[in-house]
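Colleague: I am attaching a structure below and will ask some questions about it afterwards.
The values are calculated or read from the model by the stated rules, or taken from the named source; none is laboratory data. Since this is a predicted model, take the numbers as computed values, not measurements. Here the Cβ is made from the backbone with ideal geometry for all residues, glycine too, and neighbour counts use every protein chain on show. Just so you know, the surface numbers come from the protein's heavy atoms only, side chains and all, with ligands and any DNA or RNA stripped out. Shrake-Rupley method; radii C 1.70, N 1.55, O 1.52, S 1.80 Å.
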Amino acid sequence: MRFDTPATVNPIDQLKVVGQPIERIDGPRKVTGTATYAYEWHDSKLNTTYGFIVGAGIAKGRIVAMDLAAAKAAPGVVTIVTAENAGKLGKGDFLAATLLGGPAIQHYHQAIALVVADSFEQARAAAQLVRVEYAEEQGAFDLTVAKRTAGPVGSGSADSSIGDFDRAYGDADVSLDETYTTPDQAHAMMEPHATLALWEGNNLTLWTSQQMINWGIRDLTKILDMPEENLRLVSPFIGGGFGGKATVAADAILAALGARAAGRPVKVAQTRTLMFNNTTHRPATIQRIRLGARRDGKITAIGHESWSGNIAKGLPENAVMQTRLLYAGANRMTALRLGVLDLPEGSSMRAPGEASGMMALEIAMDEMAEKLGIDPIDFRVINDTQVDPENADRPFSRRQLTECLRTGAEKFGWANRKPRPGQHRDGRWLIGMGVASAIRGDGSRDSAARVRLDSEGVVTVETDMTDIGTGSYTIIGQTAAEMMGLPMSMVAVSLGDSRFPRGAGSAGQRGANSSTSGVYAACMKLREAVVEKLGLNVRDARFADGHVISGDRRIPLAEAARDGSIVAEDMIVFGKLGETYEQQTFGAQFAEVAIDPYTAEIRVRRMLAVCAAGRIINPRTARSQVIGAMTMGVGAALMEDLVVDKRRGFFVNHDLAGYEVPVHADIPNQDVIFLDETDEMSSPMKAKGVSELGLTGVGASIANAVYNATGVRVRQYPVTIDKLLQQLPEVD
Ligand code: MOS
């Protein structure tokens, strides 16, 4: 089914099941331990071995020699895979770093060997016996240094320039020129990257933890030089990914190579201490923002430049993307600069681009509002736009930014905020409120599904779409139930297997809208097949209460499959509506903080997100997504910081003791409001993504609240006690 004209009324609009706050259908399996995660696949007949990855001890240079003798002689060792014996490996499309290093080393802890043994403990013990001699080279690890020679990046994310920025900025009544920094961050998902690999002749099956089955398959065909039909990826349950599991990682490649060498299945998990340097991370940024405005608050000039680093052939963090879209202003410029660093590869992490960019832009907006003497919400509303600021002929499909800000202001009690910082006390605490806009792109991706009606009247959906903890199972089930006129108890959903039709996968907050639209398309075909089978009139047939109703006939749905299951398969193919209309999701993010005026301890007290993100397919799972994102935003604002050892080139705090993320005790009262919205341009579901939207804006809302509480403006994330302590106001 093509989607290239705006959606009209369709069966989803009944909202009997879609739009309802249905509990996760995979919940019981998760809490009873029967949802199988990658490392948990077990079959005692398989005689599985265990692999332990050896990571490089240098960041840049070459392996001169590897002495494997002691490791090979250790108890239980079956084989050791290195670049020397692995054969030639190709390269996938998504990542720049190779997943098995040697002799050249591209980054610290790059996998250089897999020790395979009968037990995990034996593999781990033997791995300690591998001796490696390196020729170490001096690497580049400091972004502030790399910034000096950083250059423009290739096309696709080219610099933008509209009007005459320099002149408008120079002529502005009020102007701001500030630089902000965000640190390297880790996905730090709960479930480590893990894979079980099994060869059967030329066929390879990987039970692995993978957000994008199709990217994983694509990259595996290239890395292992294998035809797609010989590959199978199975990833039905995933304990978080955030972009870090977008494609196959070292565990998958090494498990495959290890299993081939061992002649037995191999199970490999990346240890927590390896993951931080041997998978991807969100790259640090340095961002310069210049704003010029008239006294009445109209922005006349808006400029945003961002510098980030990556390994050779790696991509920049596109932190300026949202600045091209968020606020009006006739004169504008953005620039992305990329420096080469020899740190681990930077790549997608939840809301890549906007998450970092909004942390800077939305502090700048707060600072500018203060300079203008305008309330920060009013300042944003004054500069709202219904068309792409770079192209007035291109409207937004649906944009309710002002409504989000106004709704949030009322619900959060924004009127109680004291505009002058440091004026609000609660006992000893200094209290502050902050606000930020939220924006995140809403792309779509073609997505296929297969649906089967059986003689019991149960409809089973199959697609290789994944559920990374987001609720995909549930919303896909809701879509099928709505389309076929069934209760949730009569639908079954199978996900995350490359043998199923290609789904959108989980990335870029496209998954929910795209994959349910694929299910919609398949169900449309199934409805046609059912109506035909029952000899009913396609024009007036309705599916409701487990029946098909046409004229004066009312036939149980199961009747259609009495002689055998009916199967239908289709793919939603998205046309050009995404080009004609700028499709984005919008929100407003509010935070209230309390700061101890003597110790600078920072407590987040209240948070509110207001989201305008199309139809909300399931308000319960969507709310969970936003609350999870807000929690991640607290981490970005106050805690998360991969500390770079600038002499040796690695992330020092490479475990969950040193890399701090919020725990329950850090998280206050959080609330989420979804504006009632549909977007006819997005899909037949009229839905959009919501998960990554929930992160953009959070960091700045907290930084702005800290400023409102204390009068201390921190422009270097994370906002930590040491950055506040010396400057706190005198208090009684
Ligand atoms: Mo996301 S960073 O697109 O998984």
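Colleague: Just flag the trypsin sites (Lys or Arg not before Pro) in the stretch 263-332 sitting in loop per DSSP whose Cβ has no more than 12 other Cβ atoms within 10 Å. Intermediate values should be presented prior to the final figure.
Modeller: Working: sites: 267, 272, 288, 290, 294, 295, 298, 313, 324, 332; in loops: 294, 295, 298, 313.
Counting only loop positions with at most 12 other Cβ atoms within 10 Å, the trypsin sites (Lys or Arg not before Pro) in the stretch 263-332 are 295, 313.
Colleague: What is the Å³ per residue value for the convex hull set by the Cα atoms of the stretch 488-529?
Modeller: Details: hull volume 3.9 nm³, N = 42.
Roughly 93 Å³ of hull volume per residue.
Colleague: Now, a different point. Per residue of the chain, what 222 nm ellipticity follows from adding -39500 (n - 2.57) for every DSSP H run with n ≥ 4, rounded to the nearest 500?
Modeller: -7000 deg cm²/dmol
Colleague: Give the percent of DSSP beta bridges with both residues in the chain that are antiparallel, rounded to the nearest 5.
Modeller: Percent antiparallel among DSSP bridges in the chain is about 75.
Colleague: With every atom except the alpha carbons ignored, what do you get for Rg and Dmax of the stretch 160-303, in angstroms?
Modeller: Both quantities, over Cα of the stretch 160-303: 23.6, 74 Å.
Colleague: What is the diffusion coefficient of the stretch 385-513 in µm²/s, taking the Kirkwood radius over Cα pairs and the Stokes-Einstein relation at 4 °C with a viscosity of 1.567 mPa s?
Modeller: Details: Rh = 19.0 Å.
D = 68 µm²/s.
Colleague: At a Förster distance of 45 Å, what's the computed FRET efficiency of residue 173 paired with residue 91, Cβ-Cβ distance as r, to 0.05?
Modeller: Taking R0 as 45 Å, the efficiency between residue 173 and residue 91 is 0.30.
Colleague: Which aspartates and glutamates, on any chain, are close to residue 533 with Cα under 13 Å apart, when same-chain ones fewer than 8 places away are left out?
Modeller: Once the sequence-local aspartates and glutamates are set aside, what remains near residue 533 is 559, 563.
Colleague: What do you get when you divide the Cα radius of gyration of the stretch 1-120 by 2.2 N^0.38 Å, with N the number of residues? Don't skip to the end; give the middle numbers.
Modeller: Numbers: Rg = 23.9 Å, N = 120, 2.2 N^0.38 = 13.6 Å.
In units of the globular-protein estimate, the stretch 1-120 measures up at 1.76.
Colleague: Another question, if that's okay. How much area per residue is accessible in the stretch 1-73 when the probe is 1.4 Å and only protein heavy atoms are counted (Å²)? Before the final figure, lay out the partial values.
Modeller: Working: 4110 Å² over 73 residues.
Accessible area per residue, the stretch 1-73: 56 Å².
Colleague: Still on this structure: Under 14 Å from the Cβ of residue 587, count the other residues' Cβ atoms, weight Lys and Arg +1, Asp and Glu -1, and hand me the total. Working shown, then result.
Modeller: Details: positive: 380, 398, 399, 406, 411, 440, 623, 688; negative: 354, 362, 384, 403, 442, 671, 677, 692.
Local charge sum for residue 587: 0.
Colleague: So how strong a dipole does the chain carry about its Cα centre when Lys and Arg Cβ are +1 and Asp and Glu Cβ are -1, to the nearest 20 debye? Could you put the intermediate results ahead of the total?
Modeller: Values: 77 positive and 87 negative charges, 63 e Å.
Value, rounded to 20: 300 debye.
Colleague: Let me ask something else about it. Positive end of the dipole of the chain, charges at C-beta (+1 Lys, Arg; -1 Asp, Glu), about the Cα centre: which of 595, 19, 500 has its Cα farthest in that direction?
Modeller: Working it through, the farthest residue towards the positive pole turns out to be 500.
Colleague: Would you kindly calculate the translational diffusion coefficient of the chain, applying Stokes-Einstein with the Kirkwood radius from alpha carbon pairs, for 25 °C and a viscosity of 0.890 mPa s, and quote it in µm² s⁻¹ without decimals?
Modeller: Numbers: Rh = 27.0 Å.
Using the Kirkwood radius from Cα pairs, D works out to 91 µm²/s.
Colleague: What length, rounded to one decimal in nm, is gained on full extension from residue 45 through to residue 16, with 0.36 nm per residue of separation minus their alpha-carbon distance?
Modeller: Values: separation 29, 0.36 × 29 = 10.44 nm, distance 4.61 nm.
Here the segment from residue 45 to residue 16 would lengthen by 5.8 nm.
Colleague: At q = 0.22 Å⁻¹, work out log10 I(q)/I(0) for the stretch 537-578 with the Debye formula, treating every Cα as an identical point scatterer and leaving solvent out; two decimals please.
Modeller: Listed by q, the Debye log ratios stand at -0.82.
Colleague: Given +1 on the Cβ of Lys and Arg, -1 on the Cβ of Asp and Glu, and no further charges, what dipole in debye does the stretch 247-391 carry about its Cα centre, rounded to the nearest 20?
Modeller: Values: 17 positive and 16 negative charges, 124 e Å.
The dipole magnitude comes to about 600 debye.
Colleague: Among 705, 610, 74, pick out the residue whose Cα is farthest towards the positive end of the charge dipole of the chain, where Lys and Arg carry +1 and Asp and Glu carry -1 on C-beta, about the Cα centre.
Modeller: 74
Colleague: Here is a further query. How much FRET efficiency would the formula 1/(1 + (r/R0)^6) give for residue 137 and residue 160, where r is the Cβ-Cβ distance and R0 is 41 Å, rounded to 0.05? Kindly include the intermediate steps, with their values, before the conclusion.
Modeller: On the way: r = 37 Å, r/R0 = 0.90.
It comes out at approximately 0.65.
Colleague: So, one more: Considering only DSSP states other than H, G, I, E and B, which GluC sites (Glu not before Pro) in the stretch 400-464 qualify as loop sites with at most 14 other Cβ atoms within 10 Å?
Modeller: Details: sites: 403, 410, 456, 462; in loops: 456.
Hits after loop and neighbour filter: 456.
Colleague: Within the set 30/72; 371/686; 30/411; 91/267; 91/525, which residue pairs have Cα atoms separated by over 29 Å?
Modeller: Values: 30/72 39 Å; 371/686 40 Å; 30/411 35 Å; 91/267 22 Å; 91/525 39 Å.
In this structure, 30/72; 371/686; 30/411; 91/525 lie more than 29 Å apart at Cα.
Colleague: Continuing with the same structure: The stretch 368-408: D in µm²/s via Stokes-Einstein (Kirkwood Rh, Cα pairs, 20 °C, 1.002 mPa s)? Please list the in-between numbers first.
Modeller: Details: Rh = 11.3 Å.
Value of D from the Cα-based Kirkwood radius: 189 µm²/s.
Colleague: Here's a follow-up. What are the semi-axes of the equivalent ellipsoid of the stretch 590-727, taken as the square roots of 5 times the eigenvalues of the Cα gyration tensor, listed largest first and rounded to whole Å? Please list the in-between numbers first.
Modeller: Details: eigenvalues 199, 73, 32 Å².
The answer is 32, 19, 13 Å, longest axis first.
Colleague: Let me ask something additional. Excluding residues fewer than 8 places away in the same chain, name every one of the lysines whose C-alpha is closer than 22 Å to that of residue 646.
Modeller: In chain and number order, the partners are 60, 147, 313, 723.
Colleague: So how strong a dipole does the stretch 333-381 carry about its Cα centre when Lys and Arg Cβ are +1 and Asp and Glu Cβ are -1, to the nearest 20 debye? Please list the in-between numbers first.
Modeller: Numbers: 4 positive and 9 negative charges, 34 e Å.
That gives a dipole near 160 debye.
Colleague: Kindly give Rg over Rh for the stretch 564-603, based on alpha-carbon atoms, with the Kirkwood expression for the hydrodynamic radius. Before the final figure, lay out each step's value.
Modeller: On the way: Rg = 25.0 Å, Rh = 16.6 Å.
My calculation of the ratio gives 1.50.
Colleague: Subtracting the Cα-Cα distance from 0.36 nm times the residue separation, let me have the gained length for residue 415 to residue 32 in nm, one decimal. Intermediate values should be presented prior to the final figure.
Modeller: Details: separation 383, 0.36 × 383 = 137.88 nm, distance 4.65 nm.
Computed gain between residue 415 and residue 32 is 133.2 nm.
Colleague: Heavy atoms of the protein only, probe of 1.4 Å, neighbouring chains included. What is the accessible area of residue 215 in Å², nearest 10?
Modeller: Ignoring ligands and nucleic acids, residue 215 comes out at about 40 Å².
Colleague: Next question, about the same structure. By how many nm would the segment from residue 388 to residue 722 lengthen if fully extended, with 0.36 nm per residue of separation less the alpha-carbon distance? Let's see the in-between values first.
Modeller: Details: separation 334, 0.36 × 334 = 120.24 nm, distance 4.05 nm.
Value of the extension gain: 116.2 nm.
Colleague: Here is a further query. Label residue 330 and residue 599 with points 7 Å out from Cα along Cα→Cβ: what is the distance between them in nm?
Modeller: That separation, rounded to one decimal, is 5.4 nm.
Colleague: Limiting things to C-alpha atoms, what are the Rg and the maximum Cα-Cα separation (Dmax) for the stretch 1-65, in angstroms?
Modeller: Cα-based Rg and Dmax for the stretch 1-65 come out at 24.6, 67 Å.
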